[in-house]
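Working notes, beginning with the structure itself.
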């Protein structure tokens, strides 16, 4: 009697187990079939699904097609036309190469295939169930391949019951089809779900493909990127910061035309935005990276979506540089643009800017944040009213300087003064600064503008280890809770580096001997407590590192507040300091510092165009 407990699995069982690595849901089948069509040189692909792919997934392409022998072999495990030697594995340019896709699909579904090459007079028909060929014959067929996958997981009911709702499975399939549409805009693509045409895209340029998929307005918010280095080439688009979203739904990376998921590259892109987007928001990006196949391993996961780079750090640094260069070379100031289809101020261009909504009578009254706003429950930092004359109207606390006809110059990067002597400048409701620029009107939130200035100033002091402090004539004693005392003790090096001369002074007590010059007299003790409160709030919400958190907390609490009246000299100085910063467009928390109202838009509203 044999004592062996190790069994050799039969082929049908081994195939089902292997299929679990490749075919996880209907989307997996769509992905594998699409990749095969692309590798076959198809220029037109049609995808049809029913019941979110659970009942039917059909793909028709006009690729090279297969001979009868190759059609049969294509369903064998580890059968591939892409690799013949180990050297081929190190130089992968095709999307598929493992030779597992069709074998895995056929193991858990009922499959029908029709295929014909250009030189063949008749095509090949195969019907396969559970990896077993049930029918093989000649058939009439155009050049290319048609493959139908029916009743997915029909022979593995346990797997089928783990599928999600039709809406969820459809969303996964659509995401995969959309990625193909983006990576191969030259391929004409049709996508039909339950007899409803979802996409009908002709062969086109990437710009047109983006407009078809996301709309003209979304495309207008994109910034092109292009960089060639000795290591790699990067091209594509990144989104303007004020269109960042709360989810990572619109982020695409294609490496040698293969869609990949890379935490390293994602992090590099986010780092490139620095503080242009608040933590928790995610910008749009579509990046095409071309890299020598010998310098990347795509064979690290069955889905082929994860890769391993030979020089990940260099790639990381290049991506950061590319993103920063693109952002720095474009004006990313939000621009107010009213609805051109009506005479009401019924909408604004950016979803992150307040929108006017009609009341029950159909008239616009007041405003509220757009549902797409990235500010949550925070106060929207704009106070535009529904009539232009109210922006310019005299009101208590509004300082007015007679404007002249001289144009001011605004261009980030040249550091030219925006509010030069003699140019028009106003303070509106002691909250916003309005100034004339070459293209029209610029509106600046005085609080967040000062925040940006103080934030960069604090970071510079910490980086250079040269604090700037004003000694207090009478040192102040600050009594803290035990928790705040411990926190302050940990943060003393950062506080001291930006100008707070603070020392422990007994139980739960500090003595404050000096403060940064930006701190107003009489607020010294309060501002330290406010900085601690803001620091703790930031820690809970966005988990910043201590150095950045201190700089942000200080800038928030020491900045000019809304409601503070500023003189002309103060406003001009504030604007000049703002445009001396590295990023004048947003505050450290990602909120807009300024918006523009173009002269062209004003002319249009007054029927001058």
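No lab work stands behind these numbers, since they all come straight from the coordinates. This structure is a prediction, so every number in the text was calculated from the model and none was measured. Because the Cβ atoms are built from the backbone with ideal geometry, glycine has one as well, and the counts that use them run over all protein chains shown.
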Set of the range 171-200 residues, backbone N closer than 15 Å to the point 7 Å along the Cα-Cβ line of residue 44: 186-191, 200
Distance between modelled label sites at residue 511 and residue 546, nm, 7 Å Cα→Cβ extension: 2.4 nm
Alpha-carbon centroids, the range 512-589 and the range 169-195: separation in whole Å: 47 Å
FRET E, pair residue 321, residue 249, Förster distance 22 Å, beta-carbon r, rounded to 0.05: 0.30
Enclosed volume per residue, in Å³, of the convex hull spanned by Cα atoms of the range 119-197: 152 Å³
Burial ordering of 270, 535, 607, fewest other beta-carbon atoms within 10 Å first: 607, 270, 535
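Could you sort 117-123, 134-140, 255-261, 522-528 so that the peptide with the highest average Cβ count within 10 Å comes first and the rest follow in order? Before the final figure, lay out each step's value.
Values: 117-123: 13.4, 134-140: 11.9, 255-261: 17.7, 522-528: 16.0.
So the order, starting with the most tightly packed, is 255-261, 522-528, 117-123, 134-140.
If you take the beta carbon distance between residue 186 and residue 165 as r and set R0 to 51 Å, what does 1/(1 + (r/R0)^6) give as a FRET efficiency, to the nearest 0.05? Walk me through the numbers on the way to the answer.
Numbers: r = 34 Å, r/R0 = 0.67.
Step by step, r from the Cβ atoms, then E = 0.90.
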Calculated over the range 176-327: convex hull of Cα atoms, volume per residue (Å³): 126 Å³
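Going by average Cβ neighbours within 10 Å, how do the peptides 285-297, 466-478, 216-228 rank, with the highest at the top? Working shown, then result.
Working: 285-297: 17.7, 466-478: 13.2, 216-228: 15.1.
Final packing ranking: 285-297, 216-228, 466-478.
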Two-site label geometry, residue 487 and residue 138: point separation in nm, points 7 Å out along Cα→Cβ: 8.2 nm
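Taking the highest mean first, how do the peptides 583-589, 305-311, 52-58 order by number of other beta carbon atoms within 10 angstrom per residue? Spell out each step's value before the answer.
Values: 583-589: 23.3, 305-311: 15.6, 52-58: 20.6.
Ranking, from highest mean packing down: 583-589, 52-58, 305-311.
Let me know the Kirkwood hydrodynamic radius for the range 482-609, please, with Cα pairs as the basis and the value in Å to one decimal.
Numbers: mean 1/r = 0.0579 Å⁻¹.
Taking the inverse mean of 1/r over all distinct Cα pairs, the range 482-609 comes out at 17.3 Å.
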